[in-house]
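Peer 1: Provided herewith is a single structure, encoded as structure tokens, for subsequent inquiry.
Bear in mind that the values in this text are calculations on the coordinates, not laboratory data. Here the structure is a predicted model, which means the values were calculated and not measured. Backbone-built Cβ (ideal geometry, glycine too); neighbour counts: all protein chains shown.
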Ligand SMILES: Nc1ncnc2c1ncn2[C@@H]1O[C@H](COP(=O)(O)OP(=O)(O)OP(=O)(O)O)[C@@H](O)[C@H]1O
């Protein structure tokens, strides 16, 4: 539903986004990861129609996004520093959004205001950074957008609020198939939320994976045999990493768990353990495979 095809954008002398192709399916939550300066904000600004790309296409539901007001009204973007009209109170800002977003839901707004115990008569710029962010979420969820784009949304929020906001996002996705694109420096912050992860590095999308696929077919295997490891056990797996510790061989490998197990068992190993990896471990090994360090997005 949201597509970017070979998109490039130059800012001053840098290709901030360089030949990126992304397809975000309706009702999915896409996590865009990358270290400082990777190009995430630029890509989100292109996706939400703030920037026009230099090359390539950005298509939402079959139409261009840039300078297309009817499409833009179906997209809500919370920037890394949320923008509010100067001097506006929460209530005035809500009135403003209700005129732009045709599906604005006052009932939902009132419920969120009560739940976050938000003072609607206070000028938003007087709130702390964290409360401004909560206000931005209240507006975003009340606007009932088809696509919610979030740039570093959890910055400045305490763990309780992060959890609350994540669960509100998940409820909205489940209830009406809202699509979410969310950027972060940190895999751990978004791994429980996203179903697809894309990693950017120096303007390029260097890895894009479905989280369930990744988790289900990547394993940590420890094996030892009386003699050498029979080479045939490697036939139905893709080895990402191999290490020998005495007589034990440690493998990080992709493949079907049952097939791998049955072949190994048939050669009567002395030791055989097959464990699932954390998403973080999977990314480290995957990135080793493509030759990039991702340590800074795993901290
Ligand atoms: N307004 C601008 N003018 C010139 N260069 C810019 C501008 N905005 C970003 N850039 C450059 O474009 C590249 C990508 O920046 P961008 O802000 O998109 O990265 P990011 O992944 O969001 O980084 P961060 O996580 O630090 O926010 C960087 O090299 C940055 O210096």
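Peer 1: Please give the contour-minus-distance gain from residue 238 to residue 195: 0.36 nm per residue of separation, less the Cα-Cα distance, rounded to one decimal in nm.
Peer 2: Details: separation 43, 0.36 × 43 = 15.48 nm, distance 2.29 nm.
Length gained between residue 238 and residue 195: 13.2 nm.
Peer 1: I've got another one for you. Counting DSSP beta bridges in the chain, what percent are antiparallel, to the nearest 5?
Peer 2: Antiparallel: roughly 70 percent of the beta bridges in the chain.
Peer 1: What would the Debye equation give as log₁₀ I(q)/I(0) for the stretch 213-297 at q = 0.17, 0.21, 0.24 Å⁻¹, counting only Cα atoms as equal point scatterers?
Peer 2: -0.68, -0.97, -1.20
Peer 1: For the residues 245, 8, what sequence is obtained by ranking on other C-beta atoms within 10 Å, fewest first?
Peer 2: 245, 8
Peer 1: Hey, could you pull the Cα Rg and Dmax for the stretch 2-202, both in Å?
Peer 2: Looking at the stretch 2-202, its Cα Rg and Dmax stand at 16.4, 47 Å.
Peer 1: With a point put 7 Å past each Cα toward its Cβ, work out how far residue 5 is from residue 125 in nm, to one decimal.
Peer 2: In this crude label model, residue 5 to residue 125 measures out at 4.3 nm.
Peer 1: 222 nm [θ] for the chain, helices only, -39500 (n - 2.57) per DSSP H run of 4+, per residue, to 500?
Peer 2: Rounded to the nearest 500, it is -9500 deg cm²/dmol.
Peer 1: Please identify, among 67, 189, 117, the residue showing maximal mean-square fluctuation in a Gaussian network model of the chain using a 10 angstrom Cα cutoff.
Peer 2: 117
Peer 1: A further question follows. Please work out the FRET efficiency for the pair residue 91 and residue 155, using the Cβ-Cβ distance as r and a Förster radius of 22 Å; give the result to the nearest 0.05.
Peer 2: Numbers: r = 25 Å, r/R0 = 1.14.
For residue 91 and residue 155, the calculated efficiency is 0.30.
Peer 1: Right, something else. Give me 272, 84 sorted ascending by neighbouring Cβ count inside 10 Å, so fewest comes first.
Peer 2: The fewest-first ordering by Cβ neighbours comes to 272, 84.
Peer 1: Counting other C-beta atoms within 10 Å, which of 170, 131 has the fewest, and how do the rest follow?
Peer 2: Details: 170 15, 131 20.
In order of increasing Cβ crowding within 10 Å: 170, 131.
Peer 1: Compute the FRET efficiency between residue 100 and residue 280 as 1/(1 + (r/R0)^6), taking r as their Cβ-Cβ distance and R0 = 45 Å, and round to the nearest 0.05.
Peer 2: 0.70
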